[in-house]
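Just below is one structure, and these are the notes that go with it.
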Amino acid sequence: MINRKIILYCLVCLFVMGCSNDDDDSQDMEKPSIDMSGSNAFPQNCIILYRGESFPFRAVFADNQELGNYNIEIHNNFDHHSHSTDDVECDLEPKKIPVKAFVYNQDFTIPSGQNTYQANNEISIPSDIDTGDYHFMVRLTDKAGWQQLKAISLKIKDRN
């Protein structure tokens, strides 16, 4: 009888210990953040950029634990679709069909162990692409897989 009680007690203890999760405090349950509001941040919503020129991308990324990587995408908005991450609406040119729209899609790695990171990339705009309305999108992913999206509208024109 005593052996059964000891065995039962050990099984209950193992069950309780197996159900506890020592990692509860370290589980990342928060999305990272993208700050493009500082005085050094670029580009800003509704900005005009020019064919054949380069521009900087500057933003501050943060996460409660550890950042992972980010992606920058630029695509045309000739059909006036929306990504709705900014409440400022820019004036749009008339809808049009793309002939040679600018498409940019690049992944960037953030060094391991970072919970803040200052992104600084140079992006070149080809001189032979369609002018008009474009979206500039940043996707930031932390090490746990949470993702944040920031989308702004901009125009690409010819410099007069």
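Element breakdown for the stretch 63-118 at a 1.4 angstrom probe: carbon and sulfur atoms account for 46% of the accessible area. Note on Arg139 and Asn64: the model spin-label points, each 7 Å out from Cα along the C-beta direction, lie 2.3 nm apart. Dividing the C-alpha radius of gyration of the stretch 76-160 by 2.2 N^0.38 Å, with N its residue count, gives 1.29. Straight-line cross-link partners of Lys143 among the lysines, defined as a Cα under 27 Å from its Cα and at least 8 positions apart when in the same chain: Lys31.
Note down the Stokes-Einstein diffusion coefficient of the stretch 119-160 in µm²/s, whole number, using a Kirkwood radius over alpha carbon pairs, 37 °C, and 0.692 mPa s.
On the way: Rh = 12.8 Å.
Rounded, D is 257 µm²/s.
Tell me, what does the Kirkwood hydrodynamic radius of the stretch 45-124 come to in angstroms if you use every pair of distinct C-alpha atoms? In the stretch 45-124 this quantity evaluates to 15.2 Å. With protein chains left intact and a 1.4 Å probe, residues in the stretch 36-75 average 40 Å² of accessible area per residue.
Find the accessible area per residue for the stretch 111-160; the probe is 1.4 Å, ligands and nucleic acids are left out, and the unit is Å². Present the calculation step by step, with values, prior to reporting the outcome.
Values: 2470 Å² over 50 residues.
So the stretch 111-160 comes to 49 Å² accessible per residue, rounded to a whole number.
Take the Cα of Tyr50, go 7 Å toward its beta carbon, and the backbone nitrogen atoms of the stretch 137-160 under 17 Å from that spot belong to 155-160. Using θ = phi - 60° in the Karplus curve 6.51 cos²θ - 1.76 cosθ + 1.60, the 3J(HN,Hα) couplings for the stretch 34-46 round to 10, 10, 10, 10, x, 5, 8, 5, 7, x, 10, 4, 6 Hz; x is entered for Gly and Pro.
On full extension of the chain, what length is gained from Ser37 through Gln118, given 0.36 nm per residue of separation minus the C-alpha to C-alpha distance?
27.9 nm
The values are calculated or read from the model by the stated rules, or taken from the named source; none is laboratory data. Source: prediction; values computed, not measured. Reconstructed Cβ throughout: ideal geometry from the backbone, glycine too, with neighbour counts over all protein chains shown. Heavy atoms of the whole protein, side chains included, go into the accessibility calculation; ligands, DNA and RNA do not. Shrake-Rupley method; radii C 1.70, N 1.55, O 1.52, S 1.80 Å.
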